[in-house]
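Engineer: Just dropping this structure here.
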Amino acid sequence: MRKAIAVLFLGFIGYYLLSTFLLVPFGVVRVLEGVGLKYLQDGLQQTGAANLVTSIVVNYRGFDTLGEVTVLFLAATGMGALLYSKRPTERARQNASIIVKTGARILFPLIIILGAYVFIHGHLTPGGGFQGGAIIASGFLLMFMSYRTYHVNHVILSRVESSAGSVFVIIGLLGLAYGSSFLANILPLGTVNTLFSAGVIPLIYVAVGFKVGAELTALLDTMLQTVK
Amino acid sequence: MIYYIAAISLILIGIYAVLVKKNMVKIVLGLTLIDSGVNILIVSLGYIQGKTAPIFSNPTLTAQDMVDPVPQALVLTAIVIGVAVTALALSIVIRIYDHHKTLNINKIRELKW
Amino acid sequence: MYLDPVLMIALPLFAAFLIPPLARISKGLVKYVPVLIIGFNLYEMVMLLPHSMVKPVIVVIAAWAPPLGINLTIGPLGNILALIISLVGFVVAIYNIRFMEEEPNEKYHMLFLLLTAGATGMVLTGDIFNMFVFLEITSISSYALTAFLRDRDGAEAAFKYLLIGSLASTFILLGIALIYATTGTLNMAQIAVRIKDVDPRIAIMALILLVTGFGIEAEMFPLNGWAPDAYSQAPTPIGAAFGGIVVKAGVYALARLVYTIFDFQGIFHFILIAGIITLLIAEMSAIRQKQLKRMLAFSSIGQMGLVLIALGLATTRGVEGGLFQMFNHAMIKPLLFLSAGYLVFYSGSKNIEDMDGMGRVKPLLSFFFAFGAFAILGLPPLSGFWSKFIILSETIRNGFIAIAALALFGSIIEAVYYLRVVGRLYFKAPHEGLHVQYVPKSALVAMGILAIITLIAGLYPDFVMVYLKPAAAELLDKTVYIKSVLMAGL
């Protein structure tokens, strides 16, 4: 009965959603005056970042990204609050086999380096702070799964989170103090397609990379134990 | 076209899981399915036939060769928000499990809908 | 003299990032951080008021003029709502000083600060996707705060709230995707210009998706299933903050959508009808409740129904009345919640029947509750009377006599259950064995501020109406809003 109602309801939603989206033509330029095209035309000169998605995420819509970083921070904080306990207890985990353990030890530094590469080159190649941070956290996840007793120090993680988040806001405030508005670029744009280009974008993305890496690692570690 | 259908099917499967499933972890899985569906839908709205990723990695590329970058930027934000909500949902589930020792939502629903 | 308004969002985020290291230095200092930061926001909003009343203040972010970058658009409406949010946030932050003593209290203050910052961002931003991001900040902190006490019911209420909230954000994202795909912009003013050229079938679908999504935060029927549980299971100040902060931001988003962005007359009748259904169902449920806080939660939904009726009228006086009702609700509902929190605490029970005789045991606390109850049910000359009077008379003037009669009926039900509680407080003998202690001064100060504002708004309603008139005008005439945003780009 419950299933029948659910299916009917879904059919209703699905029909209307699909028939509306089918009115939107797929794979063509629909709006000639859209902001997307403006970013494509002027983005390279205006921000100096070869990766236009990065220049939108960090520069044009940088305020969204600040909010986004805050959302992750909130999730980590909320999780810490919900799983708080006066006497931390470990949730049961199994030790992995020797092959996995050895493999994890070899792969772990490589994964961290890959993550750092991805967020440092966020303005040049696909990737960025969020992607790099997620890769770093996946390295820690591998370690958590292979070694039963492996733990990260929450105090250090929390320090990294706080300082990376503050760096983001401080860069924004410097833009307000020395530039025209909050998050405005105050550094020279440099030559396109070189590491030191695109003004404050790489700085912000490095901060975001550290923050996301630390936060996701803290999330994973929190789920494995109740924290104090 | 096929992208729209696939994305909307994902969303519907997710909503079905949220409405019908009894296991709380499966409900959270349903939420992540919905998220993925919405993200695929938004990215496919930005696609333009025969064009490439909006990165000027190669000097021969011009703005005419690229797809709309805005949906990709929006999806990046939406993914992160989805991850945050999922993490919080799972921690609430852990908390409920600690109290009731069950994941079945029928056995624990004390507050009326 | 005001500083750059973007600081009202940047500073709370900055402070929230810095709270963990601060907590390691001194636990005692953390609880004053929200008071300080939200106090700064309050100062900013008061100082901005004379400027934004004349013409909307546009704040460019990241040096890109709209529509390229995100901007804050602080018109009269945004300013008033941000002022209300900061005021409620400030008062609740004062109340919090002595409320949350147990661990991990620094996380509690951090989440509360971000809740306020998110709601402030929602009412100030001029970009629809940015509004979604701030909505998520507000709602994720709400989920975490609902379950903060780590008891059984709190976790369940939070899970339910999270499920409904996630569905809401799905709908909002789908709506935004449709809008971006057809107008090629995310700036609300520019969308408002371009939406006329969009295929009406797509526009209506986008409107439905967005109204459904934001309607969940605004407690619109039938999307308010989360509210009673979340209000009653969350810590008391958070229940107050839901009524005074989260819901206000939701209603703002709804009003902005139907008045400024979309140009579709049919939606107003829908909102009118949704409003009256919300009102009636909520009041009928409220009178059946045995728990004090659940009763207050249903009453809050009912009040929002009244606001929706006023917004659905779409006349100058009606919208003014609706905004006045929102202001009253934002002042009075936290007052009721904050005093009810201590009443519940001292009687040791959530049930209304165990509140007997508290008026004799805790006279000041009960006075605050009774005062709030009288104000919200609209006893003249308290402020609730004026807003209800405006809305009902305007409903009749527009020919919706049946709706006015039903709304009046709802108000009578409301009067019955509030007076029942007040009667129990004063005219019954107190129970044995109450473990009454003194109420912390910070809590009394918080309730005192709200009571004084309510009293002033009741005695001199024109003092508030002066500021609400431009806000209503902003909603009804969108050209000023659109022009001032798009001119900033030139």
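Engineer: Find out how many positive minus negative residues lie around C:Leu254, taking Lys and Arg as positive, Asp and Glu as negative, among other residues whose Cβ is under 14 Å from that of C:Leu254.
Structural biologist: With Lys, Arg at +1 and Asp, Glu at -1, the neighbours total 0.
Engineer: In chain B, which whole DSSP H runs stretch at least 30 Å along their own axis (Cα) and average -1.0 or higher on the Kyte-Doolittle scale?
Structural biologist: The answer, listed by residue number, is B:24-46, B:69-100.
Engineer: Then there is this: When only Cα pairs under 8 Å and 6 or more residues apart are kept, what is the percent relative contact order across the stretch C:188-291?
Structural biologist: Computed value for the stretch C:188-291: 37 percent relative contact order.
Engineer: Here's something else I'd like to know. Given 10 Å bins starting at zero, what is the percent of C-alpha pairs of chain C in each, up to the one with the largest pair distance?
Structural biologist: So the P(r) values, bin by bin, are 4, 21, 33, 27, 12, 3, 0, 0.
Engineer: For the protein assembly as shown, list log₁₀ I(q)/I(0) at each q in 0.08, 0.09, 0.10 Å⁻¹, using the Debye formula over Cα point scatterers of equal strength and ignoring solvent, two decimals each.
Structural biologist: Once normalised to I(0) and log-transformed, intensities are -0.66, -0.85, -1.06.
Engineer: Related question: Determine the distance separating the Cα centre of the stretch C:463-488 from the Cα centre of the stretch C:244-272; give it in Å without decimals.
Structural biologist: The two parts, judged by their Cα centres, are 15 Å apart.
Engineer: So, in Å, what gap is there between the alpha-carbon centers of the stretch C:333-374 and the stretch B:38-80?
Structural biologist: 57 Å
Engineer: 7 Å from Cα along Cα→Cβ at both C:Phe463 and C:Asp4: what's the point-to-point distance in nm?
Structural biologist: Placing both labels 7 Å along Cα→Cβ, they lie 3.5 nm apart.
Engineer: Before anything else, pin down the relative contact order of the stretch C:277-459: Cα pairs under 8 Å, at least 6 apart, normalised by residue count, whole percent.
Structural biologist: 29 percent
Engineer: If the limit is 28 Å between Cα atoms, which of C:Lys388/C:Lys441; C:Lys293/C:Lys441; C:Lys160/C:Lys333; B:Lys21/C:Lys333; C:Lys248/C:Lys428; C:Lys350/C:Lys441 go over it?
Structural biologist: From the list (C:Lys388/C:Lys441; C:Lys293/C:Lys441; C:Lys160/C:Lys333; B:Lys21/C:Lys333; C:Lys248/C:Lys428; C:Lys350/C:Lys441), the Cα-Cα distance tops 28 Å for C:Lys388/C:Lys441; B:Lys21/C:Lys333; C:Lys248/C:Lys428.
Engineer: Restricting to Cα atoms and excluding each atom paired with itself, what does the Kirkwood estimate give for chain B in Å?
Structural biologist: 16.4 Å
Engineer: What is the diffusion coefficient of the stretch C:171-250 in µm²/s, taking the Kirkwood radius over Cα pairs and the Stokes-Einstein relation at 25 °C with a viscosity of 0.890 mPa s?
Structural biologist: It comes out at roughly 174 µm²/s.
Engineer: Can I ask one more? Setting aside same-chain residues fewer than 8 positions from C:Lys483, which lysines have a Cα under 25 Å from its Cα?
Structural biologist: A:Lys38, C:Lys55, C:Lys196, C:Lys469
Engineer: How much FRET efficiency would the formula 1/(1 + (r/R0)^6) give for C:Lys441 and C:Phe345, where r is the Cβ-Cβ distance and R0 is 22 Å, rounded to 0.05?
Structural biologist: 0.85
Engineer: Using +1 at the Cβ of each Lys and Arg and -1 at the Cβ of each Asp and Glu in chain B, identify which of B:Val83, B:Ile105, B:Met1 lies farthest towards the dipole's positive end.
Structural biologist: Positive-most Cα among the choices belongs to B:Ile105.
Engineer: Let me ask something additional. Could you compute the FRET efficiency for A:Leu174 and B:Met1, with r as their C-beta to C-beta distance and R0 at 45 Å, rounded to 0.05?
Structural biologist: About 0.45, to the nearest 0.05.
Engineer: Related question: Give me the one-decimal nm value for the distance between modelled label points at A:Leu195 and A:Ile98, 7 Å along each residue's Cα-to-Cβ direction.
Structural biologist: That separation, rounded to one decimal, is 4.0 nm.
Engineer: Place +1 on the Cβ of every Lys and Arg and -1 on the Cβ of every Asp and Glu in the protein assembly as shown, take the dipole about the Cα centre, and give the residue among A:Phe210, B:Tyr16, C:Thr182 whose Cα lies farthest towards its positive end.
Structural biologist: Final value for the positive-end residue is B:Tyr16.
Engineer: While we're on this one: Relative to the longest principal axis of the C-alpha atoms of chain C, give the angle of the C-alpha long axis of helix C:128-146, reported between 0 and 90° and rounded to the nearest 10°.
Structural biologist: The helix C:128-146 is inclined about 20 degrees to chain C.
Engineer: Let me ask something else. Between rounded, prolate and oblate, where does the stretch C:67-148 land on the alpha carbon gyration tensor, with a ≥ b ≥ c its root eigenvalues, rounded for a/c under 1.5, else prolate if a/b exceeds b/c?
Structural biologist: Judged from the Cα gyration tensor, the stretch C:67-148 comes out oblate (a/c at least 1.5, b/c at or above a/b).
Engineer: How large is the translational diffusion coefficient of the stretch C:277-459 in µm² per second when you combine the Kirkwood radius over alpha carbon pairs with Stokes-Einstein at 25 °C and 0.890 mPa s?
Structural biologist: Answer from the Stokes-Einstein relation: 148 µm²/s.
Engineer: Another question, then. Computed over the Cα atoms, what is the radius of gyration of the stretch C:1-101 divided by 2.2 N^0.38 Å, N being its residue count?
Structural biologist: 1.22
Engineer: Place +1 on the Cβ of every Lys and Arg and -1 on the Cβ of every Asp and Glu in the protein assembly as shown, take the dipole about the Cα centre, and give the residue among B:Thr52, A:Leu114, A:Gly172 whose Cα lies farthest towards its positive end.
Structural biologist: Going by the charge dipole, the pick is A:Leu114.
Engineer: Then there's this: May I ask for the angle, rounded to the nearest 10°, between helix C:461-476 and the longest principal axis of chain C, with both axes built from Cα atoms and the value confined to 0 to 90°?
Structural biologist: 30 degrees
Engineer: Let me ask another. What residues of the stretch C:153-184 lie in the reach of a label at B:Ile48, counting those whose backbone N is under 15 Å from a point 7 Å from the Cα along Cα→Cβ?
Structural biologist: Only C:181-184 fall inside the zone, counting backbone N under 15 Å.
Engineer: If you don't mind, there's one more thing I want to ask. Would you kindly calculate the mean projected area, averaged across all directions, of the convex hull enclosing the Cα atoms of chain A, in square nanometres?
Structural biologist: Over every viewing direction, the Cα hull of chain A projects on average to 18.7 nm².
Readers should treat all values here as calculations from the given coordinates under stated rules, not as data from a laboratory. In this text the structure is predicted, and so the values were computed from the model without any measurement. Don't worry about glycine lacking a Cβ; one is built from the backbone with ideal geometry, like all the others, and counts go over all protein chains shown.
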